[in-house]
Amino acid sequence: MKAKSIRGQTPGEIKQALDKSMQDGFKPSLAIVFMSVKQDRKAISSLFSQHNIAISGATSNGEFIDGDLGKESIAALLLDMNPAHFEILFSEFGQRSPREVSKELAKTAMDHFNEPAFLVTGCHMETDAEQMLYGFADIAGQKVSVYGGMAGDDFQFEDQYVFTNEHETNRGVVVIALDENKIKIKGRATCGWKAVGTEKIVTKSEGNRVFTIDGEPALDITARFGGLTDIAEDNAQLAMEIATNFPLQLQRDKGDPVMRPGLLVNWDDHSYYCSGTVPQGSKVRFSLPPDFDVIEKVISASEELKASEMPEADAVILYSCAGRLLSLGPLMSKEIEGVKEIWNVPLVGMFSNGELGRATGGELEMHNLTTCCVAIKEE
């Protein structure tokens, strides 16, 4: 399989880049597209449809190819994958739970492939993405390969979108179902945020909404731990500061802890919604703001992935948390370049509202402040 990555600031620039990419006879069948919510999604869908290129698209908090970080731009990974080896699936949640929807999509994939793998992009801030992951495992088995991320909207935290050639939604999911007998796919989710302080108990929660920790409202104990003083509903930066600098680390009996930052505050009771499930009675620790060794941890984990599971790849997709960009700024380009150099193949990525995959030694989980590196190769 041949792959090429392109990026532009307008649909017109993407058209030029696409045309240039095909001058040597390259005929992509699939495009993985990440773009600013401010860009014209219909124009991009129309462009790729004119060339019979299937799209899996999502809005993001920033998009990039190789080490080239974009802002309010459009990035795409073009693949000439055999159309018999993949299927684009799309669904809106409506009144159904994310788990019900993903089970339905997994059943559809099983009709096409004996051993499907999934690249998944969901959207909407209240989506319990971990439950969405479990739906794929319910149907395709606990060892199923599922990787991906949650769409962004340039840090507005209002409406995020996923889309295909013909459909889009701000509350649903787009999936690339792959025939894992033909497409090898391996991934690794790596964080690097350091835990601090003693373990605390989540004393009341429902799904991904945390009400109290050690009997204290979740917002209040987080603010006290972080020394935050401007705890008011009109402080537009509060949720972002909590999410990026003082996230919860959910302790696991098996595998690395997973990040559970507070993303959406309920001011009535000072609870907050996290990106994934936080079971009542579970143990959590707070985190310190990151230092620069988190970049080296991601690069090291990707090197280990290549050495142990994926010696060669045709392309790489990165789902990197928007909080990493806010915390590390321009240094994020070093992380992206470092991963690019490992396989030295075309790379595309986005800064997401959540990352989907397996941490080292862990199960399928929803992550935050994490980079999920996914390498693919057509056999």
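Please provide three numbers in whole Å: the alpha-carbon extents of the range 329-379 along the principal axes, with the largest listed first.
37, 28, 18
Give the whole-number value, in cubic angstrom per residue, of the convex hull volume spanned by the C-alpha atoms of the range 274-337.
Details: hull volume 9.1 nm³, N = 64.
Expressed per residue, the convex hull around the Cα atoms of the range 274-337 is 142 Å³.
Using the crude model of +1 on Lys and Arg Cβ and -1 on Asp and Glu Cβ, and no other charge, please compute the dipole size for the chain relative to its Cα centre, in debye to 20.
Values: 37 positive and 56 negative charges, 111 e Å.
Computed about the Cα centre, the dipole is about 540 debye.
Tell me, what are the semi-axes, in whole angstrom and largest first, of the equivalent ellipsoid of the range 22-120 as set by the roots of 5 times the Cα gyration tensor eigenvalues? Mind dumping the intermediate values first?
On the way: eigenvalues 127, 77, 31 Å².
Working through the eigenvalues yields semi-axes of 25, 20, 12 Å.
Counting only helical runs of four or more DSSP H residues, what would the 222 nm mean residue ellipticity of the chain come to if each run contributes -39,500 (n - 2.57) and the total is spread over all its residues?
Working: 9 runs with 100 residues, N = 379.
The helix-only estimate for the chain comes to -8000 deg cm²/dmol at 222 nm.
What is the mean projected area of the alpha carbon convex hull for the range 48-191, to one decimal in square nanometres?
On the way: hull surface 37.0 nm².
Across all orientations, the range 48-191 yields a mean hull projection of 9.2 nm².
Could you tell me how far the Cα centroid of the range 1-18 sits from the Cα centroid of the range 189-251, in Å?
If you average the Cα positions of each part, the centres end up 40 Å apart.
When the scattering of the chain is computed by the Debye formula from its Cα atoms alone, each counted once and equally, what is log10 I(q)/I(0) at q = 0.10, 0.15 Å⁻¹?
Here the Debye-derived log intensity ratios amount to -0.57, -1.34.
Pairwise over distinct Cα atoms, reciprocal of the mean inverse distance: report the Kirkwood radius of the range 292-371 in Å, one decimal place. Mind dumping the intermediate values first?
Details: mean 1/r = 0.0770 Å⁻¹.
This gives a value of 13.0 Å.
Take every Cα pair under 8 Å in the range 74-209 that's 6+ residues apart, average their separations, divide by the length, and report that relative contact order as a whole percent.
On the way: 198 pairs, mean separation 43.7, N = 136.
In percent, rounded to a whole number, it is 32.
Separation between the Glu158 and Glu199 pseudo-spin-labels, each 7 Å from Cα along Cα→Cβ, expressed in nm?
The modelled label-to-label distance comes out at 4.3 nm.
Can you check how the C-alpha radius of gyration of the range 90-144 compares to 2.2 N^0.38 Å, as a plain ratio?
Details: Rg = 10.7 Å, N = 55, 2.2 N^0.38 = 10.1 Å.
The range 90-144 yields a ratio of 1.06.
Expected output is a single nm value to one decimal: the length gained when fully extending between Asn52 and Phe292, i.e. 0.36 nm times separation in residues minus the C-alpha distance. What is it?
82.1 nm
Grab the alpha carbons of the range 195-287, take their convex hull, and tell me the volume per residue in Å³. Show your work: numbers first, answer last.
Values: hull volume 7.8 nm³, N = 93.
Spelled out: Cα convex hull of the range 195-287, divided by residues, is 83 Å³.
Quick check: pseudo-label points 7 Å beyond the Cα along Cα→Cβ at His112 and Ser300, how many nm apart are they?
Reported label-point gap for His112 and Ser300 is 3.9 nm.
Just to confirm a number: summing +1 for Lys and Arg and -1 for Asp and Glu over residues other than Leu69 whose beta-carbon lies under 14 angstrom from that of Leu69, what do you get? List each step's numbers first, then the result.
Values: positive: Arg7, Lys71, Arg324, Lys334, Lys340; negative: Glu63, Asp66, Asp68, Glu72, Asp154, Glu335, Glu337.
Local net charge: -2.
Ranked highest first by average number of other Cβ atoms within 10 Å, how do 273-279, 232-238, 34-40 line up? Don't jump to the answer; show the numbers that get you there.
Working: 273-279: 23.0, 232-238: 10.0, 34-40: 21.0.
Top of the packing list down: 273-279, 34-40, 232-238.
Please give the length that would be gained between Ala84 and Glu341 if that part of the chain were fully extended, namely 0.36 nm times their separation in residues minus their C-alpha to C-alpha distance (nm, one decimal).
On the way: separation 257, 0.36 × 257 = 92.52 nm, distance 3.02 nm.
Contour length minus the Cα-Cα distance gives 89.5 nm.
May I ask for the Rg/Rh ratio of the range 1-63, computed from Cα atoms with Rh as the Kirkwood radius, given to two decimals? List each step's numbers first, then the result.
Values: Rg = 11.2 Å, Rh = 12.0 Å.
Result: Rg/Rh = 0.93.
No value in this document is a laboratory result; all are computed from the given coordinates. What you see is a predicted model, and the numbers here were worked out from it, not measured in a lab. Don't worry about glycine lacking a Cβ; one is built from the backbone with ideal geometry, like all the others, and counts go over all protein chains shown.
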